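Here, each number is a calculation from the coordinates, and none is a lab measurement. Keep in mind that what you see is a predicted model, and the values were worked out from it rather than measured. Cβ coordinates were reconstructed from backbone atoms using ideal geometry, including for glycine residues, and neighbour counts include every protein chain displayed.
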Amino acid sequence: MTQVANNELWSIFDARRVKLAELKNLDAMANGIVGWFKNRRRVLPRLRAQVDRIEKLEPEIHNLGAARFQEAVHEVRDLARLGRLTGAMEDRAVALVREAALRALGMRPFAVQLMGALAMTEGAVAEMATGEGKTLTASLAASLWAWAGRPVHVITVNDYLVQRDAEEMGPVYKMLGLKVGYTIHESTSQDRYEHYRRDVIYTTSKELVADFLRDQIKLGTLRNSTQTGIGMMLNGPSAQGLLVPGLYRVIVDEADSLMVDEGVTPLIISNSPDEDANASYFKAAYELALKLEKDKDFTVDKTVRQCELTARGQRRLEEISEDSNFWKGRRRREELTQQALTAQYCFVKDEQYLVNDNKVMIIDEFTGRIMKDRSWRHGLHQAIEVKENARITADKENLARLSFQRFFRQYYHICGMTGTAWESASELWQIYQRPIVRVPTNRPCIRVHLPVKMYDTADQKWTAVVERVAELHQKGVPVLIGTRSVWASEEVDKRLTEKGLAHRVLNATQTKVEAEIVAQAGQRGQITVATNMAGRGTDIKLAKGVAELGGLHVIATEPHGSGRVDRQLFGRAARQGDPGCAQLFCCADDDVFIRHANHLRKAWRAVGAARLIKIAQNRAEKLARFNRKEVLKNDDWMDEMLPF
């Protein structure tokens with residue numbers, strides 16, 4: 001067998017390793033205590049001391065000629081492949097990577113960026129504030145890892161950032177003797193096969209997991225290395241058509257979002273027939289649902305977005321459907337009707353989904369982006385399509401399924417970076433055994449947080465928001481207005497237009513121009529309206545004279561279910577020591593209060609706005625953690641019972 005075939009064989013089957021199953025009782029307690037101490041150990045002084053040593057090497061490295069520089073690169077690369085890149089040689093390697101960034105891009109990484117890269121190469125999740133240069137930091141860590149000779153995957157949140165980061169950082173990797181590749185939705189199979197075999201590969205979690213699952217489907221009954229090894233010897237390493245040559249090291253951008261919030265999301269490879277033979281039944285179920293009375297025949301639980309039939313509703317449903325043979329099956333009748341009720345009362349157009357070209361598309365509530373080719377399960381998606389008079393898609397036959405958190409746990413080495421990791425520290429340790437390192441900012445943050453403004457009704461809130469924006473706009477202050485949904489962004493758009501205030505809107509319908517819109521948000525007098533800003537990946541730089549006006553002013557128009565997402569939005573202001581301001585506007589009718597503090601929201605004056613937000617977000621996060629824990633248990637069971 002050739003060395004290439006042997007390497008791919010090892011990688012493919014080694015990637016099927018699994019982590020330890022869920023710990024229980026005293027083991028779980030002991031593990032939690034270890035994680036608590038790991039997250040609070042004094043790491044920064046050691047990293048600062050290492051950076052100081054690297055700084056001392058800078059004059060020598062900077063004075064190297066091009067040929068001597070390449071010789072130095074080859075020297076540390078050879079040591080990395082032997083696993084000997086430690087101590088003084090690791091310091092020298094980091095100094096070389098820093099110099100490569102300076103020579104290739106004209107960008108000299110700050111000391112805090114070196115600290116972030118070192119923390120990641122040690123397997124930690126680095127918390128770095130917005131605007132601190134995480135893209136360059138990731139390239140430093142990826143280079144150090146890639147020298148070892150195994151592919152390094154850099155995961156980010158969308159195709160635009162994948163291609164941008166790979167192309168922008170490409171000159172750095174080239175100078176370090178490394179090849180960079182990327183895969184996006186439009187990549188062909190041949191491109192994917194070739195790019196996955198480069199040293200550093202930028203991609204999204206969706207594309208990578210989908211390619212990994214396609215490989216598992218192609219393997220079919222080949223469940224051990226002997227069977228696949230024989231096939232490779234006879235037919236060559238590419239005969240199986242496998243795209244991903246194993247999972248070894250990964251760097252996850254926006255780690256809290258991809259590894260925790262979206263970690264429980266299953267990616268499913270499925271077949272879908274051209275037409276849905278059951279379309280008439282989904283329509284009939286929706287018609288039955290409209291005949292039932294709310295609170296009498298069914299209840300609505302907005303906390304978990306689900307409707308449940310009451311005993312009276314079950315009897316009523318049996319009565320009104322007795323003329324149809326299809327509805328004689330009680331379970332079928334009640335499940336389809338409950339999904340129709342859930343679609344009607346728990347899912348809102350332009351909040352949870354969009355309708356575009358007669359097609360229902362899911363909106364990611366964490367990022368505000370459209371989740372392409374995703375659909376809800378168990379007939380819910382079809383129920384929403386009936387509700388919106390959209391084309392009814394067919395039931396899908398699942399061929400392979402894998403949650404993102406189960407996928408990430410199959411890597412030998414995993415690290416990440418994000419602006420808001422600390423709130424997820426316990427889960428990142430519990431699920432992935434990854435500690436947090438809170439990297440300081442390059443310059444002190446001087447962001448001003450103004451008091452929360454709360455109102456009784458949504459109309460009062462929107463009026464106050466527009467008045468505040470008009471006041472700031474008159475002074476020339478740039479304003480970024482963050483909304484939770486497409487509907488909310490369109491409401492702000494309408495009211496600003498009525499007020500005669502020029503502005504730009506960024507929501508799930510304008511993803512192609514999002515980078516341009518975000519980049520311009522710091523111009524004098526600019527008003528930008530945007531759905532969830534998590535992971536936009538583009539810095540907002542202040543135009544000349546804006547700093548003297550107080551910098552960018554961020555307005556959040558509704559608290560999120562997680563305080564981390566609010567912090568991500570506020571982090572858009574006051575980057576790299578710039579001035580900036582942040583303020584939250586909310587009302588008793590906001591979704592987080594209705595779902596998680598319904599009995600307190602009308603008494604917000606007595607409770608206090610800040611305290612009510614904390615109560616609602618704590619309950620929302622507790623529910624989300626419970627759901628993620630249940631998925632983790634299921635993943636651990638699948639790791640034990642299934643071959644991949």
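Each residue, K633 and A311, gets one label point 7 Å from its Cα in the Cβ direction; the gap between the two is 2.9 nm. Listed by Cβ neighbour count within 10 Å, with the fewest neighbours leading, M120, M371, M128 appear as M371, M128, M120. Summarising the label geometry, the points placed 7 Å from Cα in the beta-carbon direction at N358 and M29 lie 6.2 nm from one another. Quotient of the Cα radius of gyration of the chain and 2.2 N^0.38 Å, N being its number of residues: 1.03. Amide hydrogen proximity for Y182: with H placed 1.01 Å from N in the peptide plane, the residues at 5 or more positions away or on another chain lying under 5 Å are Y202. The trypsin sites (Lys or Arg not before Pro) of the stretch 467-567 that meet both conditions, a loop assignment by DSSP and at most 15 other Cβ atoms within 10 Å of the site Cβ, are K499, R524, K544. Each peptide in 617-626, 136-145, 571-580, 28-37 receives the mean, over its residues, of other Cβ atoms within 10 Å, and ordering these scores from highest gives 136-145, 571-580, 617-626, 28-37.
Here the residues M89, M169, ranked from fewest to most Cβ neighbours within 10 Å of their Cβ, fall in the order M89, M169. The charge dipole of the chain, taken about the Cα centre with unit charges on the Cβ atoms of Lys, Arg (+1) and Asp, Glu (-1), comes to about 1520 debye, rounded to the nearest 20. Per-residue 3J(HN,Hα) values for the stretch 287-300, derived from phi via the Karplus relation 6.51 cos²θ - 1.76 cosθ + 1.60 with θ = phi - 60°, read 5, 5, 4, 5, 8, 8, 9, 5, 6, 10, 8, 7, 10, 10 Hz in sequence order (x marks Gly and Pro). Taking a quarter of the surface of the Cα convex hull of the stretch 273-395 gives a mean projected area of 7.8 nm².
From the Cα gyration tensor of the stretch 456-570, with a ≥ b ≥ c the square roots of its eigenvalues, which class applies: rounded if a/c is under 1.5, or else prolate if a/b is larger than b/c, or else oblate? It is rounded, given that a/c, with a ≥ b ≥ c, falls under 1.5. Computed from the C-beta positions of E471 and D78 and an R0 of 56 Å, the FRET efficiency is 0.35 to the nearest 0.05.
Mean residue ellipticity at 222 nm, helices only, the chain: -14500 deg cm²/dmol; runs of at least 4 DSSP H residues each add -39,500 (n - 2.57), and the sum is divided by the number of residues.
For a protection proxy built on the mean count of beta-carbon atoms within 10 angstrom, sort 459-465, 486-492, 603-609, 258-264 highest first, please.
Top of the packing list down: 258-264, 486-492, 459-465, 603-609.
Averaging Cα coordinates gives a centre for the stretch 564-581 and one for the stretch 374-446; these two points are 23 Å apart. What nm distance separates the two modelled labels at D52 and N618, each placed 7 Å from Cα along Cα→Cβ? Roughly 4.2 nm, to one decimal.
Taken as Cα centroids, the stretch 65-129 and the stretch 189-217 sit 26 Å apart, rounded to the nearest whole angstrom.
Could you tell me the calculated FRET efficiency between K499 and V348, based on Cβ-Cβ distance and R0 = 30 angstrom, to the nearest 0.05?
Numbers: r = 25 Å, r/R0 = 0.85.
That gives a FRET efficiency of 0.75.
Evaluating kT/(6 pi eta Rh) at 10 °C and 1.306 mPa s, with the Kirkwood radius of the stretch 89-132 over Cα pairs in the Stokes-Einstein relation, gives 142 µm² s⁻¹. Per-residue Karplus couplings for the stretch 116-125, computed as 6.51 cos²θ - 1.76 cosθ + 1.60 with θ equal to phi - 60°, are listed in order as x, 5, 5, 4, 5, 5, 8, x, 9, 9 Hz, Gly and Pro entered as x. In plain terms, the chain from A67 to E186 could stretch by 39.0 nm, reckoned as 0.36 nm per residue minus the Cα-Cα distance. Maximal additional length on extending the E319-T463 stretch stands at 47.0 nm, based on 0.36 nm per residue less the C-alpha distance. Once backbone amide H atoms are built at 1.01 Å from N, L267 has L402, S403, F404 as its partners under 5 Å, excluding neighbours fewer than 5 places away on the same chain. The amide H of G525, built 1.01 Å from its N in the peptide plane, has V477 as neighbours under 5 Å, considering only residues 5 or more places off or on other chains. Rounded to the nearest Hz, the phi-derived 3J(HN,Hα) couplings of the stretch 617-622 under the Karplus curve 6.51 cos²θ - 1.76 cosθ + 1.60 (θ = phi - 60°) are 5, 4, 5, 5, 5, 4, where x marks glycine and proline.
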